[in-house]
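Worksheet: one structure, shown below.
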């Protein structure tokens, strides 16, 4: 409605007149064309839309179950008072109804409901009306959704993987649209995550925050810079380094730090390195597909691993200290990663980066079990044996 008032499009639809919507900020961009003779798309969804700044009202109580005309009474009341309902969802148990309105109407809607259902509230047949604010609606739309199994699963996996909590869900029987209500704070991250999940012709973007700029950190940046095109073409992945910190300074850039001159960018930064501040900034940026990379040998970052994982941010580390402490600490990292649907990768901790961990995991996933381990666990002794001749 902010672009074009919907009723004004009806005459164009009836006469099959195409409508072209252009972006005034990017006049050269092709824009969006609405027409009657569109070709079918191979993608399961056609587009993703959102509505910012909405409020929802929740009604629940045993007095709603099996009560004929309850919904009609509720929505007739709101219609008489010119309160527009943006989205409605009701549980199959008929125990609750949730609907979304503009924030300006939320307080008035609550007062009207409390007045209309005063007797039910006094008799405890209805619970107190609850308003939730600072929310947004995200919707995926497409004519192929009805013919494609797993669309809902992919949508909710993309949101869950990025720590986006869904407050309410609505889907019509036509299956042309799935709408979810989420926190407005998470909307930008959710839109990017869902785009990555559904539009395979786009690159999946990983947002990496790197701690440590020693030999390992420098080598990582060099490899990423050299293999940018390969990662895009062969793996469909674009890696953006959006945060870098060493022991002296740190720097951030949501659009990605240029790896051709990252050292100059870091040295010219006015932000003094502080691990607590680095973690807080990473969390507050709230980007999709985030990875925290620990390229240090310091014990200090280890204390933040569990917090990072619980913030739905994956951890990749070459720091051996985290996994060489107590088993309880290691288990807490693994459990946090599993519970929040993120990854905890540490293959370089073992065997100087040889694919030992992954090989063992694959064997165990196929049914094999480790009976015993025989190894020289000391790197120094291993080096001596490799050099010994006699």
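Condition check ((1) outside the structural domain of residue 305 (by TED's automatic domain parsing); (2) over 26 Å from the mean Cα position of the chain (by Cα); (3) over 26 Å from residue 189 (Cβ atoms)) across all residues:
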site: 222; (1), (2), (3): no, yes, yes
site: 229; (1), (2), (3): no, no, yes
site: 239; (1), (2), (3): no, no, no
site: 243; (1), (2), (3): no, no, no
site: 246; (1), (2), (3): no, yes, yes
site: 251; (1), (2), (3): no, no, no
site: 255; (1), (2), (3): no, no, no
site: 258; (1), (2), (3): no, no, no
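On the basis of being assigned by TED's automatic domain parsing to the domain that holds residue 212 and either out of contact with any strand residue (DSSP E or B) (no Cβ under 6 Å at 6 or more places or on another chain) or surrounded by 14 or more Cβ atoms within 10 Å (Cβ to Cβ) (or both), does residue 302 make the cut? Against the criterion (assigned by TED's automatic domain parsing to the domain that holds residue 212 and either out of contact with any strand residue (DSSP E or B) (no Cβ under 6 Å at 6 or more places or on another chain) or surrounded by 14 or more Cβ atoms within 10 Å (Cβ to Cβ) (or both)), residue 302 qualifies.
Taken as a whole, the condition of being outside the structural domain of residue 188 (by TED's automatic domain parsing), surrounded by 13 or more Cβ atoms within 10 Å (Cβ to Cβ) and either within 25 Å of residue 101 (Cβ to Cβ) or touching a strand residue (DSSP E or B) at 6+ places or on another chain (Cβ under 7 Å) (or both) does not apply to residue 85.
Looking only at the stretch 75-96, filter to residues that are touching a helix residue (DSSP H, G or I) at 6+ places or on another chain (Cβ under 7 Å) and assigned to a helix (DSSP H, G or I); which one of those is nearest to residue 185 (Cα to Cα)? Within the stretch 75-96, the match that is nearest to residue 185 (Cα to Cα) is 78. Quick check on residue 361: is it within 28 Å of the chain's Cα centre (by Cα) and assigned by TED's automatic domain parsing to the domain that holds residue 288? Against the criterion (within 28 Å of the chain's Cα centre (by Cα) and assigned by TED's automatic domain parsing to the domain that holds residue 288), residue 361 qualifies.
Would you be able to say whether some residue in the stretch 157-178 is more than 16 Å from the chain's Cα centre (by Cα), in a helix (DSSP H, G or I) and closer than 27 Å to residue 281 by Cβ? No - not one qualifying residue is present in the stretch 157-178. Tell me, yes or no, whether the stretch 199-210 has at least one residue that is under 21 Å from the mean Cα position of the chain (by Cα), touching a residue at least 40 places away in the same chain (Cβ under 8 Å), crowded, with 19+ Cβ neighbours inside 10 Å and over 22 Å from residue 311 (Cβ atoms). No - not one qualifying residue is present in the stretch 199-210. Residues in the stretch 25-61 that are touching a strand residue (DSSP E or B) at 6+ places or on another chain (Cβ under 9 Å), outside any strand (DSSP E or B) and either closer than 30 Å to residue 113 by Cβ or touching a residue at least 60 places away in the same chain (Cβ under 8 Å) (or both): 44, 45, 46, 61. Only residues that are in a helix (DSSP H, G or I), closer than 21 Å to residue 314 by Cβ and touching a helix residue (DSSP H, G or I) at 6+ places or on another chain (Cβ under 9 Å) were counted in the stretch 342-370, giving 7. Can you spot a residue in the stretch 271-287 that is touching a residue at least 60 places away in the same chain (Cβ under 8 Å), in a loop (DSSP other than H, G, I, E, B), touching a strand residue (DSSP E or B) at 6+ places or on another chain (Cβ under 7 Å) and surrounded by 20 or more Cβ atoms within 10 Å (Cβ to Cβ)? Yes: one or more hits. Given the structure, is residue 296 crowded, with 19+ Cβ neighbours inside 10 Å and not in a helix (DSSP H, G or I)? Yes: the conditions hold for residue 296. When restricted to residues that are part of a helix (DSSP H, G or I) and surrounded by 12 or more Cβ atoms within 10 Å (Cβ to Cβ), the stretch 7-24 contains 3. Considering (1) touching a helix residue (DSSP H, G or I) at 6+ places or on another chain (Cβ under 7 Å); (2) over 22 Å from residue 182 (Cβ atoms); (3) surrounded by fewer than 13 Cβ atoms within 10 Å (Cβ to Cβ), say which one residue 52 fails and leave the rest. Here residue 52 clears every test but (2).
Condition test on residue 188, is it assigned to a helix (DSSP H, G or I) and over 16 Å from residue 340 (Cα atoms)? The answer is yes for residue 188. Screening residue 114 with (1) in contact with a helix residue (DSSP H, G or I) (Cβ under 7 Å, 6 or more places away or on another chain); (2) over 18 Å from residue 48 (Cβ atoms); (3) assigned to a helix (DSSP H, G or I); (4) modelled with pLDDT under 90 gives one miss only, at (4). Scanning the stretch 229-249 for residues that are in a strand (DSSP E or B) and more than 18 Å from residue 316 (Cβ to Cβ) turns up just one, 249.
The values are calculated or read from the model by the stated rules, or taken from the named source; none is laboratory data. Note that the coordinates shown come from a computational prediction; the quantities given were computed from them, not determined experimentally. Heads up, the Cβs are rebuilt from the backbone with ideal geometry, glycines too, and the neighbour counts pull from every protein chain shown.
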